[in-house]
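The values are calculated or read from the model by the stated rules, or taken from the named source; none is laboratory data. What you see is a predicted model; the values in this text were computed from it and never measured. Please note: Cβ atoms are built from the backbone with ideal geometry, for glycine as well, and neighbour counts cover all protein chains shown.
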Amino acid sequence: MIAERAERAQRTGARVVLDAIWAEGVEVIFGYPGGAIMPLYDALFGHRLRHVLVRHEAAAVFAAGGYARASGKVGVCVATSGPGATNFVTGILDAMMDSIPLVAITGQVSTALMGTDGFQEADITAITHAITKRNLVVRNARELLPALRTAFRLARGPRPGPVLLDLPTDVLKTIVPEHSAPIRSLDSRTLPRASPAAVTATVELIRSARQPVAIIGGGVRAADASAVYRRFCERVRLPHTATINGLGAADPQDEHFLGMLGMHGWKAANLAVAQADLILAFGMRFDDRVTGPPNRFAPGAQIVHADIDSSEFGKIVRADVCLHGDLRETLRELVAALDGQRIPTFDDWCERVRALGGPLPRDRSQSGRLSATDAIGELFERLAPDAIVATDVGQHQMWAAQRARPAHPRNFLTSAGLGTMGFGLPAAIGAAFVPGGRPVVAIVGDGGFQMSLAELATIRRYDLPVKIVLIDNRNLGMVRQWQQLFYDARYSATNLSDNPEFCEIAHAYGIRAESVGVPEDLAGALKRLIAHPSAMLLHCACYPEENVWPIVPAGQAMHEMMEAER
């Protein structure tokens, strides 16, 4: 007892930070040390909080985001001042765009040096002002605990997002007088609830509709509302679709699910929305990749918009009814209000919608060579239902989103709003630290993979059983596709024909790797990949001309899809 009291009496600001993070229920953080943040790393020595050393600060924030996306907990990342802090910027914006709960902790030069252009000084709070829910410099050690509690509360919601704390090195070194141990800041906020009048109006619109379509967005993940959304779909039995962040909300076996909506969405989903007389938009923000020109989105439909963030109402698309509240509670209230009501059957509409679609268009311009879509499609057929898949950004991301049938929104991790190359591998690393032992697969392209391939060292160090499917078409594929279709095939700065031997690189990091280049070898290679007990890279050497279909050209409405080159 005396020793414990003495330790508390000598607790530094750095120790206060670590103890507070632990008290918030966080068990693992991701980071990279440096000068200004060194007192925190000194306090980490022997602390029960687990630290994961990545090989670049950008990977730390993506890994923390992947951990948060897969677990529902707040992700925490740590970096030093100056370049360490600025390397966080892209990942922080990524979390902001996709509403991911994140606390970013950066070191700062001592308070006496702040504002003098000291070595490795950067005004990171000014830099990140527009891309965080809140950020602040903690200039007094006594303010550390309140600041951390506030950061975690804001990161969690009501609409989740990133918060940054900038900690001067002298504050971290300061001895904090004895105080009571930090208590976890339980979330006691009252979440907004949709008004009864709006719920009643929504029910009446459903009862009078003839061609309704529901769209589920990323808000379903933040609200943990998948189960009640599925009950809503069972009750109303209407066609429904998802944004890329909403994938996994629908039951994978639901015959009325139309797949992903948007620029590379399923044909039936895009056409159904275009023909709908009622759109039920749940937890989505009407991103331009989903709507096209807003004035041409669902032109004949009345629109109901449900969201936790009232600032989204009318921002892009005007809604006839706004349901402002926690999405899980909103859906529960809708299901309760629909019970006992006579709801028209939409069987004829569902049948017509299914007839609008059909299989995804195929691009087989070079038979006998490995197709990326075949590789990704067969991978999903073989994966366990509870597998977590993290994608990078580009063609492979869209091919994966078109073919994925995740059992839960936390099983499909992708950089949706920002579209950040280099995201996939570190996000998979973060997901691998989520308890439960679910399989983790990273689907990456040859461009994005080379932005973060040093994280193979992180995988090896922590013996993470992450499986990597590398789609190598020796191009920046999505940019090349747009150059082909919309820039008269003027291919500028997209050729990656000088790619390295990826398997040799994996072997250099001590990771098993295998290459496949012909269709006949694909099934066996995927079987070996999934069965391997440790990390493994499967290099898929795919032909470079394959395109993502369908595609909605820029400026066109979602029903004006291209399914082949014109």
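Observations on the model:
- When residue 359 is tested against (1) free of Cβ contacts under 8 Å to residues at least 60 places away in the same chain; (2) under 24 Å from the mean Cα position of the chain (by Cα), just one condition goes unmet, and that condition is (2).
- Test: residue in the stretch 385-405 that is polar (S, T, N, Q), within 24 Å of residue 239 (Cα to Cα) and assigned to a helix (DSSP H, G or I): yes
- Only one entry in 489, 513 is out of contact with any Ser or Thr (no Cβ under 8 Å at 6 or more places or on another chain), surrounded by 21 or more Cβ atoms within 10 Å (Cβ to Cβ) and farther than 24 Å from residue 402 by Cβ, namely 513.
- In the stretch 422-437 there is no residue that is surrounded by fewer than 17 Cβ atoms within 10 Å (Cβ to Cβ), among the aromatic types (Phe, Trp, Tyr), within 26 Å of residue 290 (Cβ to Cβ) and at pLDDT 95 or above.
- Members of the stretch 50-89 found to be touching a strand residue (DSSP E or B) at 6+ places or on another chain (Cβ under 6 Å) and closer than 21 Å to residue 168 by Cα, listed by number: 51, 57, 60, 61, 76, 77, 78, 79, 80, 81, 85, 88
- In the stretch 282-327, residue surrounded by the most Cβ atoms within 10 Å (Cβ to Cβ) [restricted to those that are within 20 Å of residue 160 (Cα to Cα) and of a type in the set (Lys, Arg)]: 285
- Those residues of the stretch 386-410 which are of a type in the set (S, T, N, Q) and crowded, with 24+ Cβ neighbours inside 10 Å, in sequence order: 391, 395, 397
- Where residue 565 falls short, out of the listed (1) within 28 Å of the chain's Cα centre (by Cα); (2) in a loop (DSSP other than H, G, I, E, B): (1)
- Considering the stretch 493-510, the residues that are touching a strand residue (DSSP E or B) at 6+ places or on another chain (Cβ under 7 Å) and either hydroxyl-bearing (Ser, Thr, Tyr) or part of a strand (DSSP E or B) (or both) include one that is surrounded by the most Cβ atoms within 10 Å (Cβ to Cβ), namely 494.
- Strands (runs of 3 or more DSSP E) contained in the stretch 207-272 and holding at least 2 residues closer than 23 Å to residue 95 by Cα and in contact with a helix residue (DSSP H, G or I) (Cβ under 8 Å, 6 or more places away or on another chain): 212-216
- Taking the criterion of being of a type in the set (Gly, Ala, Ser) and crowded, with 22+ Cβ neighbours inside 10 Å, the residues of the stretch 260-278 that qualify are 262, 265, 269, 272, 276.
- Selection from the stretch 5-33 of residues that are in a helix (DSSP H, G or I) and crowded, with 19+ Cβ neighbours inside 10 Å: 13, 14, 15, 16, 17, 18, 19, 20, 21
- Those helices (runs of 4 or more DSSP H) of the stretch 57-109 in which at least 2 residues are touching a Cys at 6+ places or on another chain (Cβ under 6 Å) and either modelled with pLDDT of 95 or more or not assigned by TED's automatic domain parsing to the domain that holds residue 432 (or both), considering only elements entirely within it, cover 57-71.
- Here 274, 281, 269, 301 are screened, and the one residue that is of a type in the set (Gly, Ala, Ser) and farther than 25 Å from residue 397 by Cα is 301.
- The listed residue being within 27 Å of residue 270 (Cβ to Cβ) and in contact with a strand residue (DSSP E or B) (Cβ under 6 Å, 6 or more places away or on another chain), out of 551, 468: 551
- Residue-level analysis places residue 524 outside the set of residues that are surrounded by fewer than 14 Cβ atoms within 10 Å (Cβ to Cβ) and at pLDDT below 95.
- Subset of the stretch 437-467 (residues that are within 18 Å of residue 478 (Cβ to Cβ) and assigned to a helix (DSSP H, G or I)): 446, 447, 448, 449, 450, 451, 452
- Qualifying residue in the stretch 325-344 (condition: assigned by TED's automatic domain parsing to the domain that holds residue 285 and more than 25 Å from residue 254 (Cα to Cα)): yes
- Any hit, the stretch 302-318, residues being assigned to a loop (DSSP other than H, G, I, E, B) and among the acidic types (Asp, Glu): yes
- Residue list for the stretch 34-55, restricted to those being surrounded by fewer than 21 Cβ atoms within 10 Å (Cβ to Cβ), in contact with a Phe, Trp or Tyr (Cβ under 9 Å, 6 or more places away or on another chain) and under 23 Å from residue 73 (Cβ atoms): 47, 48, 49, 50, 51, 53
- Among the candidates 466, 518, residue that is farther than 24 Å from residue 54 by Cα and of a type in the set (Val, Ile, Thr): 518
- On inspection, residue 335 fails the criterion of being touching a Ser or Thr at 6+ places or on another chain (Cβ under 6 Å) and of a type outside the set (Asp, Glu).
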